[in-house]
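Reviewing the structure listed below.
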Amino acid sequence: MTIAQVLYVLEIADCHSISAAAERQFISQSALSQQIQRLEGELGYPLFVRTPRGLTLTAAYRQRLDNAVHP
């Protein structure tokens, strides 16, 4: 996991949208989607719940972030 990937995840979580996050990070939507897919493959679980209202972090990844911030 790279710092860039973590920043991308946080941006998507903030925007609830891959396309909006990609625009804010000045990268293409497909490049951002590929980064997220690689990270999900590395971790072995999905990072986002995809709903009609957008994307939200899964409970598993939210806990991982909380543990990283508050060890």
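The values are calculated or read from the model by the stated rules, or taken from the named source; none is laboratory data. Bear in mind that the values here come from a model prediction, so they are computed numbers and not experimental data. Note that each Cβ is placed from the backbone with ideal geometry, even for glycine, and that neighbours are counted across all protein chains shown. Side chains included, ligands, DNA and RNA excluded: accessible areas come from the protein's heavy atoms. Shrake-Rupley method; radii C 1.70, N 1.55, O 1.52, S 1.80 Å.
Step by step: first the residues of the range 33-71, then only those that are among the aliphatic types (A, V, I, L, M), at pLDDT 90 or above and under 15 Å from M1 (Cβ atoms), then the one that is most open to solvent (accessible area, probe 1.4 Å). Which residue is that? Can you show your working first?
Restricting attention to the range 33-71, the residues satisfying the condition of being among the aliphatic types (A, V, I, L, M) are 36, 39, 43, 47, 49, 55, 57, 59-60, 65, 68-69.
Restricting the remaining residues to those that are at pLDDT 90 or above gives 36, 39, 47, 49, 55, 57.
Subsequent filtering for residues that are under 15 Å from M1 (Cβ atoms) retains 36, 39, 47, 57.
Numbers: I36: 4, L39: 0, L47: 0, L57: 23 Å².
Only one residue fits best here, namely L57.
Please go through the range 9-32 and give me each residue that is open to solvent by 40 Å² or more (accessible area, probe 1.4 Å) and within 9 Å of the chain's Cα centre (by Cα), ordered by number.
L10
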